[in-house]
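The values are calculated or read from the model by the stated rules, or taken from the named source; none is laboratory data. Quick caveat, the model's predicted, so the values are computed rather than measured. Every residue, glycine among them, receives a Cβ derived from its backbone with ideal geometry; neighbour counts consider all protein chains shown.
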């Protein structure tokens, strides 16, 4: 499957799923986990193939999957990185664009080659580079990083 085809397919799936769940949130808030991963002079971010912007690596939990397992699985799927550590820092709830409960982990990963997935392309970016383009529902994570900049900025 070509990268272009995979990217278009993800765009279709993501757009339809978001539109449907905005109108019919039959399962309540979606549970998910994301990772803050420092890497050299920046952070690992994912340029999404659905055109929604840049996001921290992570995603939706499977049925009865604990948040830490979710973040480890999703980071591996989206970036090719295996997490060495994952420490829960906080969780928050949003209603837009869909109802979600997001668990935020600070994580470390062994240096490895980043790889793309059908969801997007991993990038190493500074806060200044992703601050204006991060997914709106992940803006709280940017605020957290800015508040803790002295301790977290590489």
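Being closer than 24 Å to residue 29 by Cα and part of a loop (DSSP other than H, G, I, E, B) is true for just one of 132, 96. Which residue is that?
Just one listed residue meets the conditions, 96.
Restrict the check to the stretch 143-150 and report whether at least one residue is closer than 13 Å to residue 57 by Cβ and at pLDDT 95 or above.
Looking for residues that are closer than 13 Å to residue 57 by Cβ and at pLDDT 95 or above, one finds none in the stretch 143-150, hence no.
Do we find that residue 112 is closer than 16 Å to residue 37 by Cα and either surrounded by 20 or more Cβ atoms within 10 Å (Cβ to Cβ) or without any contact (Cβ under 8 Å) to a residue 12 or more places away in the chain (or both) in this structure?
For residue 112, the condition - closer than 16 Å to residue 37 by Cα and either surrounded by 20 or more Cβ atoms within 10 Å (Cβ to Cβ) or without any contact (Cβ under 8 Å) to a residue 12 or more places away in the chain (or both) - is not met.
Do we have residue 78 as in contact with a strand residue (DSSP E or B) (Cβ under 6 Å, 6 or more places away or on another chain), outside any strand (DSSP E or B), at pLDDT 95 or above and within 25 Å of residue 129 (Cβ to Cβ) here?
yes
Restrict the check to the stretch 30-48 and report whether at least one residue is surrounded by 17 or more Cβ atoms within 10 Å (Cβ to Cβ), in a loop (DSSP other than H, G, I, E, B) and touching a residue at least 12 places away in the same chain (Cβ under 8 Å).
The answer is no, given that none of the residues of the stretch 30-48 is surrounded by 17 or more Cβ atoms within 10 Å (Cβ to Cβ), in a loop (DSSP other than H, G, I, E, B) and touching a residue at least 12 places away in the same chain (Cβ under 8 Å).
Can you tell me how many residues within the stretch 115-148 are without any contact (Cβ under 8 Å) to a residue 24 or more places away in the chain and touching a helix residue (DSSP H, G or I) at 6+ places or on another chain (Cβ under 9 Å)?
Number satisfying all stated conditions: 3.
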